[in-house]
Amino acid sequence: MKTRLLRDIHRIFAQADHPEALSTQDLVAALLQDAEAPWAEHGTKGLNAYHLSNLLRDFNISPANYRFDKGRQAKAYMRNRFLDAWARNCPDLVEAAPESEHGASPARLAQGRLPAAPAGTLPVGPPGGLAGPKRAL
């Protein structure tokens, strides 16, 4: 169910042309509009902001205050907070993201994955080699 939520949120961000953030209210409304999704039956009265926050907590995604155009401020979900969860839980989603302001490379954002570890080998063992430090007798 949580993977379905991530996929649905990805679709909503894509339909909105990948904005930096979506207000919690707009995100919940968009999730409830999908007639085939289980969100209208979630809980006793359907998905709400509280339920959404609880479902996304496992992914370390939470809403924050965000100032939208024309000075409107609201709780919102930042798109960049979803990138890691999408890459880990929905690897088939290809992220065609605009360039980030936070210094992440466009190739990294486009793939939705973290950069690979550097190639090569590093010595493994205790400091001072296998025999350890020499003791004075």
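So here's what we get for this one:
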quantity	calculated
Loop GluC sites (Glu not before Pro), the range 19-98, which have at most 12 other Cβ atoms in a 10 Å radius of their Cβ (DSSP)	GLU36
Ordering of 79-87, 57-65 by burial proxy (mean other Cβ atoms within 10 Å per residue, highest first)	79-87, 57-65
Reciprocal mean inverse distance between Cα atoms of the range 1-99 - Kirkwood radius, Å	13.9 Å
Cβ-based net charge around ARG57, under 14 Å, with every Lys or Arg adding one and every Asp or Glu removing one	+1
Computed label-point distance, nm, for sites MET1 and LYS45 using a 7 Å Cα→Cβ extension	1.9 nm
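Rule-based calculations on the coordinates, nothing more; no lab input. Computed from a predicted structure; not experimentally measured. Neighbour counts run over all protein chains shown; Cβ positions are idealised from the backbone, glycine included.
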